Amino acid sequence: MKNILVTGGAGFIGSNYVNHILKERDDYFIVNLDKLTYAGNLANLSDLKNDTKHIFVKGDIGNRQLVTYLFEKYNIEYVINFAAESHVDRSILGSYEFYQTNVIGTNILLETARRFSVKKFLQISTDEVYGSLGSSGLFTESTPISPNSPYSSSKAGSDMMVQAFYHTYNMPVVITRCSNNYGPYQFPEKLIPLMIINALNNKQLPVYGDGMNVRDWIYVIDHNKAINLVFENGRAGEVYNIGASNEMPNIEIIKLILKKLDKPESLIKYVTDRLGHDRRYAIDSSKIQNELGWKPEFHFEEAINKTIDWYLANKDWWEKIISGEYQTYYDIQYGKAKVH
Ligand code: NAD
Ligand code: TYD
């Protein structure tokens, strides 16, 4: 058995990972530590209720005593750190939790992992640490770190700390940097689920700036398969970029969603741009492809349709979310003052 501490496993990518990997691997025992912030949701893990290879623990990665206790009790040998504050807009409204969890929390995990001599520490990071691209070029693993938002700067801080632990202690760490994900269980503050849900509710779709910012989209299952390859075979001290070579301007995705849902483009509302809005992200993933044999399996057209169908079939899941704290956030983020 591999005893693995997965953090943030009740969030979007982490829950997809845990649900997927426990079906694929008989020899994984997962302790899932998640604080259940607004983004964490036990409903994402409902299929695992009777799975004896999964234990859920509600708690903070920044709680040193709890983290130490879990390492001792479950004889933790591996860490996969998904836990983070993950939304750029929220980081612009206020950044304290971002540094607290993404930097200090990661430090507590790293220090504990070092004391217990883990066999591997996998840090789940983002292409946003590289900053923004102009109209050409791709992020490679040697692109200099140059984050622009409070969110991406906190992720860059944790990445550098993780690399320092490799350099200083020769700790077996590895980092993945992925592009924008989409798929089931994504919290509806992010572009794709927000637009799907607003369209279904015949609400305006708020497009920042000119709608021509470009993101490089990957289906969450492709990301998670890449994560597991890096987890099992990635070389210590290395960074692996993950992306599906699927760049699209935001407005194109929004129009595609409207078309699929048979909703009018008159729902589109251009609103004041995000502060410091990165123009373009695009990933060169040739390293993980050549070294570990990964390649994306889902085409965008197919996977965006699957994603839209999932939100159509799981109204209960998102209706509970949008009737709670989400509404307060939504009013602050998209309040009247922001609309032209
Ligand atoms: P998410 O916001 O959906 O989930 C984050 C999870 O972490 C939640 O379940 C939350 O409760 C938990 N969490 C937050 N603070 C915690 C703390 N202090 N202790 C324990 N748990 C805590 O985020 P996501 O989209 O699933 O992202 C997961 C990871 O992947 C993050 O590290 C993010 O930076 C990275 N990433 C995300 C994307 C993307 O497109 N969403 C792309 C690349 C990388
Ligand atoms: P988002 O899903 O927040 O991911 P990130 O900022 O981490 O890339 O946003 C994706 C893109 O969509 C980004 O260019 C901002 C844009 N966007 C909007 O135009 N309107 C919105 O309401 C949101 C949430 C995002």
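None of the figures in this text is laboratory data; all of them are computed from the coordinates on show. None of the values given here were measured: they were computed from a predicted structure. Note: ideal-geometry Cβ built from the backbone for every residue, glycine included; neighbour counts use all protein chains shown.
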Completion exercise
GNM of the chain, Cα pairs under 10 angstrom: of Ile196, Ile13, Ile21, the biggest fluctuation goes to Ile21
Practice task
Mind checking which of His277, Ala10, His20 is farthest towards the positive end of the chain's charge dipole, using Cβ charges of +1 (Lys, Arg) and -1 (Asp, Glu) about the Cα centre?
Solution key: Ala10
Practice task
Mind giving me the nanometre distance, one decimal, between the label points for Asn170 and Lys320, set 7 Å out from Cα along Cα→Cβ?
Solution key: 4.8 nm
Exercise for the section: Return the whole-Å distance between the Cα centroid of region 115-176 and the Cα centroid of region 257-280. Expected result: 30 Å
Handout entry: Computed lengthening from Glu24 to Asn201, 0.36 nm per intervening residue step minus Cα-Cα distance
Key = 60.1 nm
Handout entry: Assigned charges on the beta-carbon of Lys, Arg, Asp, Glu; the chain dipole about Cα centre (debye)
Key = 380 debye
Exercise for the section: Quote the relative contact order of the chain in percent (integer), defining contacts as alpha-carbon pairs under 8 Å separated by 6+ residues. Expected result: 17 percent
Completion exercise
Interchain or sequence-distant (5+) residues whose placed amide H lies within less than 5 Å of the amide H of Tyr208 are Val271
Problem - Lys/Arg +1, Asp/Glu -1 at C-beta; the chain dipole; positive extreme among Ile145, Leu42, Tyr219 - result: Leu42
Handout entry: Packing-based order for 214-227, 29-42, using average beta carbon neighbours within 10 Å, highest first
Key = 214-227, 29-42
Practice task
Only loop residues by DSSP count here, and only those with at most 14 other Cβ atoms within 10 Å; note down the trypsin sites (Lys or Arg not before Pro) in region 239-307 that meet that.
Solution key: Arg279
Exercise for the section: Taking the Cβ of each residue in Asp316, Asp284 as the centre, tally the other Cβ atoms inside 10 Å and list the residues starting with the fewest. Expected result: Asp316, Asp284
Practice task
Highest first, please rank the peptides 168-179, 58-69 by the mean number of other Cβ atoms sitting within 10 Å of their residues.
Solution key: 168-179, 58-69
Practice task
Within the set of other residues whose C-beta is less than 14 Å from the C-beta of Leu258, count the net charge using Lys and Arg as +1 and Asp and Glu as -1.
Solution key: +3
Handout entry: Using alpha-carbon coordinates, inclination of helix 150-169 to the longest axis of the chain, degrees
Key = 20 degrees
Fill in the blank from the handout: Sorted by chain and then number, the residues having a modelled amide H within less than 5 Å of the amide H of Phe187, at least 5 places away or on another chain, are Phe12
Completion exercise
Nearest-0.05 FRET efficiency for Leu36 and Ser136 at R0 = 51 Å, using Cβ-Cβ distance, is 0.75
Practice task
On a 0 to 90° scale, report how tilted helix 250-261 is relative to the longest principal axis of the chain, with both axes built from alpha carbons and the result rounded to the nearest 10.
Solution key: 70 degrees
Fill in the blank from the handout: Computed about the Cα centre, the charge dipole of region 84-199 from +1 Lys/Arg and -1 Asp/Glu charges at the Cβ has a magnitude in debye, to the nearest 20, of 380 debye
Handout entry: Net length gained if the chain between Asp331 and Ile145 were fully extended (0.36 nm per residue, minus Cα distance)
Key = 63.6 nm
Exercise for the section: Step through the residues of region 78-89 one at a time and calculate ³J(HN,Hα) from phi using the Karplus curve (6.51 cos²θ - 1.76 cosθ + 1.60, θ = phi - 60°), rounding each to whole Hz and writing x for Gly and Pro. Expected result: 9, 10, 10, 9, 8, 4, 5, 7, 10, 10, 4, 4
Fill in the blank from the handout: Non-local residues with an amide H under 5 Å from the amide H of Leu33, with H modelled 1.01 Å from N and Pro and chain starts lacking one, are Val6, Thr7, Gly8, Gly9, Val57
Completion exercise
Taking only the alpha carbons of the chain, the radius of gyration and the largest Cα-Cα distance, Dmax, both in angstrom, are 19.2, 57
Practice task
For region 68-143, state which GluC sites (Glu not before Pro) are in a DSSP loop and have at most 10 other beta carbons lying within 10 Å of their beta carbon.
Solution key: none
Exercise for the section: Return the sequence-ordered ³J(HN,Hα) values of region 304-320 in whole Hz as given by the Karplus equation 6.51 cos²θ - 1.76 cosθ + 1.60 applied to θ = phi - 60°, using x for Gly and Pro. Expected result: 5, 5, 4, 5, 4, 4, 4, 5, 5, 7, 10, 4, 4, 4, 8, 5, 4
Fill in the blank from the handout: Note, region 226-242: 3J(HN,Hα) by Karplus (6.51, -1.76, 1.60, θ = phi - 60°), whole Hz, Gly/Pro = x, goes 5, 4, 6, 5, 5, 4, 7, 10, x, 7, 4, x, 9, 10, 10, 6, 10
